[in-house]
Amino acid sequence: MGVFSKVHRFREAGEAANENNVERFGEPAKSLFTSTKVFTLHHKIDITDASENVVYTASTKIPSLHDKTDVFDAAGNNIAHIEKKFFTLHERHFITMSDGTSFELSNELFHIIKDITNIEGLGWQLKGNILGLNFEIYDQNEEVIAVIAQKMLSIHDKYCIDIYKPEYEQTLVAILVALQHMIRDRENAASSSSSSSSDN
């Protein structure tokens, strides 16, 4: 598949795992895929398995200053609550899991092209590459937990996540949803500042 697939690692459900991920980390234990439903009163993200069954859904009340989002499993159980808060020049997304575990992500990640940010509260690290639209999550032992990739030029905000430690699946789903919101906010801010017609 060549150099492009090594740089950009998104794939659709049913396609083989990316060759670069397999070379570096082996076959993932599980993969999930997302698609954002646009033009709805509630901003919704469906997370599906490799057979395209919806296994999680994220719903955001619109309009919402704090971008309050809840993530549910297929049975309708709430697994996570995500809330955006502003601190000086950047925003943080606070995530609280149903078992009480809480942690946060900051959009400081997006100040430069490639960076590493701590997922505060878990001891994990998120390594991001905006140009390649790829993100890797590592635990406190620097072992890979998951690889996230975004589809280029997609109106529906499609992502895939290869999970290497399935015991963290629900936490990873919450991080994936928060990351999508952060990237969308970043894109909206960039488009509104570069154009006289702001894109909200």
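The values are calculated or read from the model by the stated rules, or taken from the named source; none is laboratory data. Here the structure is a predicted model, which is why all the values come from computation and not from measurement. FYI the Cβ positions are ideal-geometry reconstructions off the backbone, even for glycines, and counts take in every protein chain you see. Ligands, DNA and RNA are excluded from the accessible area calculation, which covers all protein heavy atoms including side chains. Shrake-Rupley method; radii C 1.70, N 1.55, O 1.52, S 1.80 Å.
Given a 1.4 Å probe and heavy atoms of the protein chains only, how would you sort PHE33, PHE86, largest accessible area at the top?
These residues rank, largest area first, as PHE86, PHE33.
Determine the sum of side-chain charges near LYS165: Lys and Arg each +1, Asp and Glu each -1, restricted to other residues whose C-beta is under 9 angstrom from that of LYS165. The partial results should precede the final answer.
Values: positive: none; negative: ASP139, GLU143, GLU167, GLU169.
Overall, the nearby charge balance is -4.
Expected output is a single nm value to one decimal: the length gained when fully extending between THR96 and ASN118, i.e. 0.36 nm times separation in residues minus the C-alpha distance. What is it? Intermediate results must be reported in sequence, preceding the final value.
Details: separation 22, 0.36 × 22 = 7.92 nm, distance 1.65 nm.
Between THR96 and ASN118, full extension yields an extra 6.3 nm.
For GLU23 and ILE62, FRET efficiency with R0 = 35 Å and r from the beta-carbon atoms, rounded to 0.05?
On the way: r = 41 Å, r/R0 = 1.17.
Between ILE62 and GLU23 the formula returns 0.30.
Using a basic spin-label model with each label point 7 Å from the Cα along Cα→Cβ, how many nm lie between LYS85 and VAL55?
So the two model labels end up 3.1 nm from each other.
Any of LYS44/LYS84; LYS44/LYS158; LYS61/LYS127 with alpha carbons more than 22 Å apart? Name them for me.
Values: LYS44/LYS84 16 Å; LYS44/LYS158 12 Å; LYS61/LYS127 29 Å.
Pairs exceeding the cut-off: LYS61/LYS127.
If you plug each phi of region 139-144 into the Karplus form 6.51 cos²θ - 1.76 cosθ + 1.60 with θ = phi - 60°, what whole-Hz ³J(HN,Hα) values come out, in order, with x for Gly and Pro?
Values, residue by residue: 8, 5, 9, 6, 9, 5 Hz.
Using a Förster distance of 25 angstrom, determine the FRET efficiency expected from the C-beta separation of ALA74 and ALA16, and round it to 0.05.
Values: r = 25 Å, r/R0 = 1.01.
Step by step, r from the Cβ atoms, then E = 0.50.
Taking θ = phi - 60°, what integer Hz values does the Karplus form 6.51 cos²θ - 1.76 cosθ + 1.60 yield along region 67-84, in sequence order, with x for Gly and Pro?
3J(HN,Hα) across region 67-84, in whole Hz: 6, 6, 10, 10, 10, 10, 7, 5, 8, x, 7, 6, 10, 7, 10, 10, 9, 9.
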